[in-house]
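Inspection log for the structure reproduced underneath, given as C-alpha cells.
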Amino acid sequence: MYLYAVLLLIGFFGIVAMAAAGFLHVGGGAKHGHAGHGGQGMARGGGHGHHSHGQGHAHGAKGHARTSGAKIGLKSLFSLSPIDFFSYCAGAGAAGILFRPYVERQYLPIMAIVGAL
C-alpha cells in the first residue's frame, strides 16, 4: 500500500513542480528575438507585425525532422521525458490504491502497470 501512495505522491508533486516551473519560465525554453513576431506591434514602415500563433521556428538541418511511429528504436523506448516519468508514477500509484479493495494482492502490480500505461 505504501508503495502505491509513494508513487502517486511522486507523480503528483513532479507534475505540479513541472507546471509551476513552466508558469515561472524556469527551464530555459527557446525564446526568439525576431522583430514583429510578438503580436500586433508596429513593424518598420508603419505596418503591423506578424501574429504569434504559438509555433516555433526551427533553424538548422534537424529543424524539420520528425520521428515516424514505425521507426521507434530501443534508445527512444528508454528515453522518457520527466513528464512521462511522473505521469507513469501517478497512474501506477492511483491504480494501485483504487484497485486494492477489488483485486487480489498478487494481481495488484499488474493493475498498477495497466494504470501507468
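Only the coordinates and a few stated rules stand behind these numbers; no lab work does. Just so you know, these numbers come straight off a predicted model, no measurement behind them. Cβ coordinates were reconstructed from backbone atoms using ideal geometry, including for glycine residues, and neighbour counts include every protein chain displayed.
Here are some notes:
- Ranked by the mean number of other Cβ atoms within 10 Å per residue, highest first, peptides 104-111, 89-96, 6-13 order as 89-96, 6-13, 104-111.
- Simple label model, 7 Å out from Cα along Cβ direction - V16 to L3, nm: 2.5
- Stretching L98 away from F23 to a fully extended chain increases their span by 23.9 nm, per 0.36 nm per residue minus the current alpha-carbon distance.
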